[in-house]
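Asks: Can you read through this structure? Questions will come right after.
The values are calculated or read from the model by the stated rules, or taken from the named source; none is laboratory data. Computed from a predicted model, the values in this text were never measured in an experiment. Heads up, the Cβs are rebuilt from the backbone with ideal geometry, glycines too, and the neighbour counts pull from every protein chain shown. For the accessible areas, the whole protein counts, side chains as well, though only heavy atoms, and no ligand, DNA or RNA atoms are used. Shrake-Rupley method; radii C 1.70, N 1.55, O 1.52, S 1.80 Å.
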Amino acid sequence: MQECTFRWLNSWKEIEDVRFMSLWHELAGKSHDLTIFNLPVLGKIWLATKGKALEVEPRFCLYEDIRGNIVLLPFCTFRSCWRNTWERRLIGIGEPHFDYQSPLAINTGDKAVDWEAFWRNFHKEVTCNIGWFDMVMLLRIRSDLAPANATPDLTLASPYIKVNLYTSFDEYLSHRPTSHRTDVRRQKKRLAKKGDIELRILAPNEKDEAFRELDKMIFAYEDLWAGQPSSILFGLPGTLDFYKTLIDQVLEAGFIHFSVLKVDGISASWHFGFLYRGVLHYYKPTYSIKYANYSPSKIHLAMLVEHGIKEGLRYIDLGGGAQ
């Protein structure tokens, strides 16, 4: 009996087929440690915006083992210039915009997916049977799902704040280093002298306001990073469309957590993130350069922690990277 089978979905028609979409939703619904980045709606939005701008092609990999367990790896192909040659890369959808690329799995058999067997079979599949790429790249996989020989990149690990450990913000601060605790309180007191401080979290029915704040956020971001490579982020093909489509299609569902720190009614700091299963993903923060001396992002994050404690969130995921 065949140990496993692989099926590759290589066209938009196959991805959009109602039977596959049903399976994708089932995989998302039954996966124990699902993150917001595994949701079909987010994957579809990225493919339709940023993915379209990058001219990626879908290459979804479906695996079924001998017990009937199913694994989905949503890949796409991307042509990248490397050492003056064009390299065809097989990458996870959302790369590099999604913090996690872990596969989705349904355990339908009497035993769970054997991940070592899966990666062994996957390696054989892509090296022996597939010829339309030069390199496979799948990043930020959970350690318990990754191949045994995978190299952990601890420099880009995602730190997080377990807000469910605390009953109040003061209790949380009491567990922080003295210098941090003192600076948060000092800067917030200084900023309050310029006017009332308010953490404004946009509601699911405030789409128009969200678009207005996104415009302000982008202006502040480009002003803050002027003259540096980071300043072109929202000018890159598909990036702004990605954010706007998220607001248009996902804000109402409650998955977008878009907050603004207001000082005397004026927007001073922004955070565009995601909220799912009690986890707030700290995704894209920025602030107005006018308030740079008051550590507005630090105050903003502190108020998000306070909000998370009050709302009973599990933790705040600070995402990968040096930022």
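Asks: Taking all protein chains as present, what is the carbon and sulfur share of the accessible area of the range 41-140, in % to the nearest whole number, probe 1.4 Å? Working shown, then result.
Replies: Details: 2400 of 4810 Å².
So the carbon and sulfur contribution to the accessible surface is 50 percent.
Asks: Let me ask another. What full-extension length gain, to one decimal in nm, is calculated for residue 16 and residue 112 as 0.36 nm per residue of separation minus the Cα-Cα distance? Each step should come with its number before you reach the end.
Replies: Values: separation 96, 0.36 × 96 = 34.56 nm, distance 2.81 nm.
The residue 16-residue 112 span can extend by a further 31.8 nm.
Asks: Heavy atoms only, probe 1.4 Å: what % of the accessible area of the range 182-323 goes to carbon and sulfur, would you let me know? Before the final figure, lay out each step's value.
Replies: On the way: 3360 of 6750 Å².
Accessible surface attributable to carbon and sulfur in the range 182-323 totals 50 percent.
Asks: Next up: Ignoring ligands, DNA and RNA, what accessible area per residue does the chain give at 1.4 Å, in Å²?
Replies: Values: 16970 Å² over 323 residues.
Heavy-atom accessible area per residue stands at 53 Å².
Asks: Leaving out ligands, DNA and RNA but keeping every protein chain, what accessible area does residue 179 have, in Å² rounded to the nearest 10, with a 1.4 Å probe?
Replies: 90 Å²
Asks: For the chain, what does -39500 (n - 2.57) per DSSP helix run (n ≥ 4), summed and divided by total residues, give at 222 nm, in deg cm²/dmol to the nearest 500? Numbers along the way, then the final one.
Replies: Details: 9 runs with 106 residues, N = 323.
After summing the helix terms and dividing by residue count, I get -10000 deg cm²/dmol.
Asks: Another one. Work out the FRET efficiency for residue 293 and residue 241 from their Cβ-Cβ distance, taking R0 = 41 Å, and round it to the nearest 0.05.
Replies: Values: r = 34 Å, r/R0 = 0.83.
According to the calculation, E is roughly 0.75.
Asks: Let me check against my output: what whole-number percent is the relative contact order of the range 211-274, with C-alpha pairs under 8 Å and at least 6 apart?
Replies: Values: 45 pairs, mean separation 14.6, N = 64.
Computed value for the range 211-274: 23 percent relative contact order.
Asks: Then there's this: For the pair residue 200/residue 55, report the inter-label distance in nm, with labels modelled 7 Å from Cα in the Cβ direction.
Replies: Here the answer is 4.2 nm between the modelled labels.
Asks: Once R0 is set to 25 Å, what does the formula 1/(1 + (r/R0)^6) return for the Cβ-Cβ distance between residue 148 and residue 176, expressed as a FRET efficiency to the nearest 0.05?
Replies: On the way: r = 36 Å, r/R0 = 1.45.
Once rounded, the FRET efficiency stands at 0.10.
Asks: Which of the pairs 44/111; 216/262; 262/298 have their Cα atoms more than 22 Å apart in this structure? Working shown, then result.
Replies: Working: 44/111 31 Å; 216/262 12 Å; 262/298 14 Å.
Cα-Cα > 22 Å for 44/111; rest within.
Asks: Among (i) -0.20, -0.56, -1.12, -1.28; (ii) -0.24, -0.66, -1.19, -1.31; (iii) -0.28, -0.72, -1.21, -1.32, which one is log10 I(q)/I(0) by the Debye sum over Cα atoms at q = 0.06, 0.10, 0.14, 0.15 Å⁻¹ computed from these coordinates?
Replies: It is the value labelled (ii).
Asks: Also, quick follow-up: Starting from the Cα of residue 128, step 7 Å along the direction of its Cβ; do the same at residue 67; then give the gap between the two resulting points in nm.
Replies: If labels sit at residue 128 and residue 67, their model points lie 2.3 nm apart.
Asks: Please compute the modelled spin-label separation between residue 266 and residue 228, points set 7 Å along Cα→Cβ, answer in nm with one decimal.
Replies: It is 2.3 nm.
Asks: If you don't mind, another one. Pull up the cross-link candidates among the aspartates and glutamates for residue 310, meaning alpha carbon to alpha carbon under 14 Å and not fewer than 8 places away within one chain.
Replies: Straight-line reach from residue 310, under 14 Å: 170, 171.
Asks: So if R0 is 35 Å, what FRET efficiency would residue 5 and residue 86 give, r being the distance between their Cβ atoms, rounded to the nearest 0.05? Please list the in-between numbers first.
Replies: Working: r = 32 Å, r/R0 = 0.90.
About 0.65, to the nearest 0.05.
Asks: Leaving ligands and nucleic acids out of the surface, order 257, 180 by accessible area at 1.4 Å, largest first. Kindly include the intermediate steps, with their values, before the conclusion.
Replies: Values: 257 10, 180 50 Å².
Listed by decreasing accessible area, they come as 180, 257.
Asks: When Rg is the radius of gyration of the Cα atoms in the range 201-323 and Rh is its Kirkwood radius, what does Rg/Rh come to?
Replies: Values: Rg = 14.0 Å, Rh = 14.9 Å.
Dividing the radius of gyration by the Kirkwood radius yields 0.94.
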